[in-house]
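Below is one structure; the comments refer to it alone.
The values are calculated or read from the model by the stated rules, or taken from the named source; none is laboratory data. Predicted model only: the values in this text are computed from it and were never measured. Cβ atoms come from the backbone with ideal geometry, glycine included; neighbour counts cover every protein chain shown. Ligands, DNA and RNA are stripped out before the accessible areas are found, and what is left, the full protein with its side chains, is counted by its heavy atoms. Shrake-Rupley method; radii C 1.70, N 1.55, O 1.52, S 1.80 Å.
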Amino acid sequence: MCRALLAFLLLLPLHAARGEPLWRTLPPTPAPVPGEHTGHAKVNGISLYYATIGNGSPVVLLHGGLANSNYWGNLVPALSKDYQVIVMDSRGHGRSSRGSQPLGYDLMASDVLAVMDILKLEKAAVVGWSDGAIIGLDIAIHHPERLTRLFAFAANSDPEGVADISQSPVFNAYMERARIEYQSLSPTPAEYDPFLAQVTKMWETQPHFTADDLHRIRTPTWIVDGDHDEAIKRTNTLFMADQIPGCGLLIMPQVSHFAFLQNPEQFSASVLHFLQQAP
C-alpha cells in the first residue's frame, strides 16, 4: 500500500508543490482525438459521433456530462498502444445530436450498446467519467454480458450522492467552458440552454441504483474518485464500492472531478493497471 501511494505521489507534477494545488486547477481541454476511423452512427433516432484508435482488446471511453470526447485526449495515447480505443460524444453532447427523447442514463447506455453493435464489438471494457461512469454502471447492471471490465471514475448512484457545486470555482469554470465548446462542436450550436436544462434535470432525478442493483454487478469493477472531488460525496463513493462484489476502490491523491486533466500521468497509469489485471 505504501509503495503504491509513493508511486502515485511521484507522478505529481512539480508545480503542484510550488503553486496552486492541482485539484484547484482546470487545465485546458486536450486537442481533438485523431481517430483512425470516425463516423456518425444513426442510433435511437440520433446521429452519434464516434472514433476508433489502435488495435487490441476494445476499451470504450465515456465522458462526463456537458463534455465531449476531446476530454480523453491525454488518456487515448496511453491506451491505444495496446488496445482498440473507442471514444464517442454522448447524445446531445459534442458532435452528436440530441433527439426528442429526454436525456436519461438508460437511453444513453442503449446508445453505447448500439455503437458497439455497429462496430461488431460483442464485449468491451468501459472507462467512464462522471455521467460516463454512471452509464457504465447502468450497462453493468442491465447488460453485463457486454462488459469485460468497468473503471468508474466520479460516479454517483443516486442524486443524493451529488455535492453542491455552486460555490466551486473549478466546476463553475468548467460550466463556462462547456458552453463555449458546445457552441463550437454541436450540430445545434444555439440550443445550449435547453440542452443544459435537460442535463440538469437528469442530474436532479437520476440515477437510482439501489444496493440490490449494485450487488448484482459481476463485471470486474473499480470505483474511483479524486480525494478533492467537488461534485461527488465521498459517502456515496464508499457505498458503491461496498455494495459491488469484489469491487476495487481507488481514491486518487491531490486531484478532483477533473483528475484526467489535472494529473493525466496518474490517471492513465491507474487505468492501465486496472486493464492489465487478471479478471
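Here is what passes the span test in the chain: the DSSP H helices with alpha carbon length of 15 Å or more along the helix axis and a Kyte-Doolittle mean of -0.5 or above are 105-118, 131-142, 169-185, 192-205, 264-276. With all protein chains in place and a 1.4 Å probe, the accessible surface of segment 77-167 carries 49 percent carbon and sulfur.
Counting every Cα pair in the chain, what percent are over 28 Å apart? That tail contains 29 percent of the Cα-Cα pairs. Treating cross-link reach as a plain straight distance, find the lysines whose alpha-carbon is under 30 Å from the alpha-carbon of Lys81, omitting any fewer than eight places away in the same chain. Candidates past the 8-residue exclusion: Lys42, Lys120, Lys123.
The heavy atoms of Phe171 offer some 10 square angstrom of accessible surface to a 1.4 angstrom probe.
At 1.4 Å probe size, with every protein chain present, just tell me what the per residue accessible area of segment 91-171 comes to in Å². Don't skip to the end; give the middle numbers.
Numbers: 2720 Å² over 81 residues.
Here the residues of segment 91-171 average 34 Å² of exposed surface.
Okay, helix-only estimate at 222 nm for the chain: each DSSP H run of n ≥ 4 adds -39500 (n - 2.57), divide by all residues, round to 500 deg cm²/dmol; what do you get?
Values: 11 runs with 107 residues, N = 279.
Mean residue ellipticity, 222 nm, calculated: -11000 deg cm²/dmol.
Ignoring any ligand, DNA or RNA, what whole percent of the accessible area of segment 196-279 comes from carbon and sulfur when the probe is 1.4 angstrom?
Exposed carbon and sulfur together represent 54 percent of the surface.
Between Met175 and Ala197, the simple spin-label model (points 7 angstrom out along Cα→Cβ) gives 1.6 nm.
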